[in-house]
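These notes are about the structure you will find just below.
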Amino acid sequence: MTFIWPGFLWFLLCVPLLVLTYWLMLRRKKKHAVRYAGLTTVKEAMGRSQQFRRHLPPLLFLIALTVMLLAVARPAALVTLPSQYETVILAIDVSGSMRASDVKPTRIAAAQAAVQGFVEQQPRNTRVGVVTFAGTAALTQPPTENRQDILAAIDRIQLQRATAIGSGILVSLKAIFPEIEFNLNSSDPRPAERDNSEARAIGERPKEKRADFKPVQPGSYMSAAIILLTDGQTTTGPDPIESSMMAAERGVRVFTVGIGTTEGEVVAGEGWSMHVRLDEDSLKKIAASTGAEYFYAGTADDLAKVYKVLNSKLTLERKETEITALFAAVAAFFALLSAMLSMLWFNRIL
């Protein structure tokens, strides 16, 4: 557990002072009772249970005060809470390397089955979009709650040549923020820096100016997330790390799923062949830069398990949350209990 305002913990020094004050008051009453034989006789007549009752309300009030002082320091802890993800973008690699059979029956067939199972497990109010990428990237299914449309888009996947992971991330990001414009044909995908007046003069739509954009903390945008499934080998398009940094600046998490094996295999097509293997390093960097996680899937069973884990992470998320309200409720409970017992036993409040 941590505290947002730890400086206020110094107020806890008041607790031992109160204990000392209470002890001094008891000693003073004891000395006063010695002067009067009648009071001493009454005290001796009281059993241990009566003496325990005498001290219990002040003890409960002291606990209440201590917890209230802790609440002032605004405590925070890792708590598992329902997530607020309203949109999930599935970015799926459809390059030729996905026909490799090191994941049975093939990488793409295993990916389709796992993704379809993931879609079916999503809450009904979660919108899911599908982005496919090879040499270029395209939004094949805009975010929707219609599960049949999503599954149909996954079924229509056709393999193509080349792999542009950076483009896949950018098109996914644009599906979340439609107002953003990117240069997908450049190694630098960031929005143009030129002045909007220049853009209007040549009849183009004004592009976002970097000076007007304020980056946020990576992983802080809790309304949407991107799940990127690929073998991690980029051959064309924008730098995927640079693209992931743009997602990080907008607080969007990019969970990466690496499918295949590090040894890989040779895939042959019409007049071509190439050795394809899983490139985990780039996928780990993408996930880490956006505050997300990387998952390895070396078999079809592994891939299915990965999407089950992802489903739980997108519906229940463990994160550091301020729990001041909980401490205040506990303090109020002990304070009320202390007052109630004092009224019941002694007909007074403390």
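Close amide H contacts of Gln141 (hydrogens built in the peptide plane, cut-off under 5 Å, sequence separation of 5 or more or a different chain): Val130.
With θ taken as phi - 60° and the Karplus curve 6.51 cos²θ - 1.76 cosθ + 1.60 applied, the whole-hertz 3J(HN,Hα) list for region 104-111 is 6, x, 8, 4, 5, 5, 5, 5 Hz, x standing for glycine and proline. Across region 144-152, computed HN-Hα scalar couplings (Karplus, 6.51 cos²θ - 1.76 cosθ + 1.60, θ = phi - 60°) run 8, 8, 6, 5, 5, 5, 5, 5, 5 Hz from first to last residue, x flagging Gly and Pro. By other beta-carbon atoms within 10 Å, ranking Ile165, Ile286, Ile241, Ile157 with the fewest at the front produces Ile241, Ile157, Ile286, Ile165. Here the simple spin-label model places points 7 Å from the Cα toward Cβ, and for Met222 and Phe346 these points are separated by 4.4 nm.
I want the local charge near Phe295. Using Cβ-Cβ distances under 15 Å, sum +1 for each Lys or Arg and -1 for each Asp or Glu among the other residues.
Working: positive: Arg107, Arg253, Lys284, Lys285, Lys305, Lys308, Lys313; negative: Asp93, Asp231, Asp279, Glu280, Asp281, Glu293, Asp301, Asp302.
After counting each charged neighbour, the total is -1.
Gain on full extension, evaluated as 0.36 nm per residue between Met25 and Gln158 minus their Cα-Cα distance, stands at 39.5 nm. Seen from Gln160, the other residues with C-beta closer than 12 Å to its C-beta sum to a net charge of +1, counting Lys and Arg as +1 and Asp and Glu as -1.
As a calculated quantity, the FRET efficiency between Arg147 and Glu280 at R0 = 41 Å, using C-beta atoms, amounts to about 0.85.
All of the numbers you see were taken from the coordinates with simple rules; none came from a lab. Everything numeric in this text was worked out from a predicted model, so none of it was measured. In this analysis, Cβ positions are derived from the backbone assuming ideal geometry, glycine residues included, and neighbour counts consider all displayed protein chains.
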